[in-house]
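The values are calculated or read from the model by the stated rules, or taken from the named source; none is laboratory data. Here the structure is a predicted model, which means the values were calculated and not measured. Cβ sites come from the backbone with ideal geometry, for glycine too, and all protein chains shown count toward neighbours. Note: accessible area is taken over every heavy atom of the protein model, side chains too, but ligands, DNA and RNA are not part of it. Shrake-Rupley method; radii C 1.70, N 1.55, O 1.52, S 1.80 Å.
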Amino acid sequence: MARLVTWAALVVAAGVTVGCGPAKELPDAVPLTPDAGDTPPAVPAASDPATKAYIEKVVKAYTGGKLELVAKGKASRVTLTGTMRDTSNPDTPISATRSIAAVWPDRASIVNDIVYQGKKMTIGSWLKRPNLVILEGNVESPLSNRVEVEQNLASDVAAQHWMGLLLPLTDPAAIVFDLRKQAFQQRPIQALKLSLGAYPLYQLYFDAKTDALLSVEYTLKEQGSRRRKQWNMTEHKPGPAGLLLPSKMECRHDTVVVEEWAADKWEFPATIDDAEFSPPKK
């Protein structure tokens, strides 16, 4: 038995391990900031005015100046097509599709359909905080530390789904600070930090010209080990309701590319039935 390490799975699966290892490592992402270890930087009591003002600029770019459209993302769907990588065979990408339904701030369902060594597998996660169920096919996966897995999955969903919809940034409880300009490969970017309750401290990078969100990085503890994660977004295009949405994404664990995705379709329904956030009945 090997471990399928993906934010939408976190499940023991026979014969496949997707995650960190000697896989494809690329130099074209914003470098990770130095790991602060167990002593992260102090979070101020309130947002820095300059950083908060920049977030307003980001929201205007995302919504085309119609700030009220951020609320459209509170119920969302997206389908993705791409690949994941197996540490035991890193040169052979694993074909995958992913379907996500989510309601901010505490509900998400993520279903991965993968083809590995000619075998089709479905792995789904249903999050209705604080409840979490993960199935491989119709079999529920045991979780050795359910509290940790549930919090980490919620942190991943916030970084890798809701952050692109700007919901964590515009939450009244969010504290944004440490706005600074820097350059990467002669490209001007804006960097800032985001703190939101029990979630990890997020480092965000934006294109200084378009104000589009380019990258989210954060650190989680998984089974006693620290893992640096980076979610990169490119090729932003106008989507439903005119929102500026990424069409290409990749996930890196400790600088190693473990997932690559293309967005096939974004949707923002008025509501999503709460039953979707519990696993289907057998």
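With the highest mean first, a sort of the peptides 140-152, 255-267 on other beta-carbon atoms found within 10 angstrom per residue produces 255-267, 140-152. For region 49-277, the relative contact order comes to 21 percent (Cα pairs under 8 Å, sequence separation of at least 6).
Only protein atoms count toward the accessible area here, which uses a 1.4 Å probe; on region 49-277, the carbon and sulfur part of that area reaches 52 percent.
Of the trypsin sites (Lys or Arg not before Pro) in region 151-218, the ones in a loop by DSSP (not H, G, I, E or B) with at most 14 other beta carbons within 10 Å are LYS209. Straightening the chain between THR92 and ASP274 buys 61.8 nm, computed as 0.36 nm per residue apart minus the Cα-Cα spacing.
Over region 56-143, accessible surface divided per residue gives 47 Å², non-protein components excluded, 1.4 Å probe.
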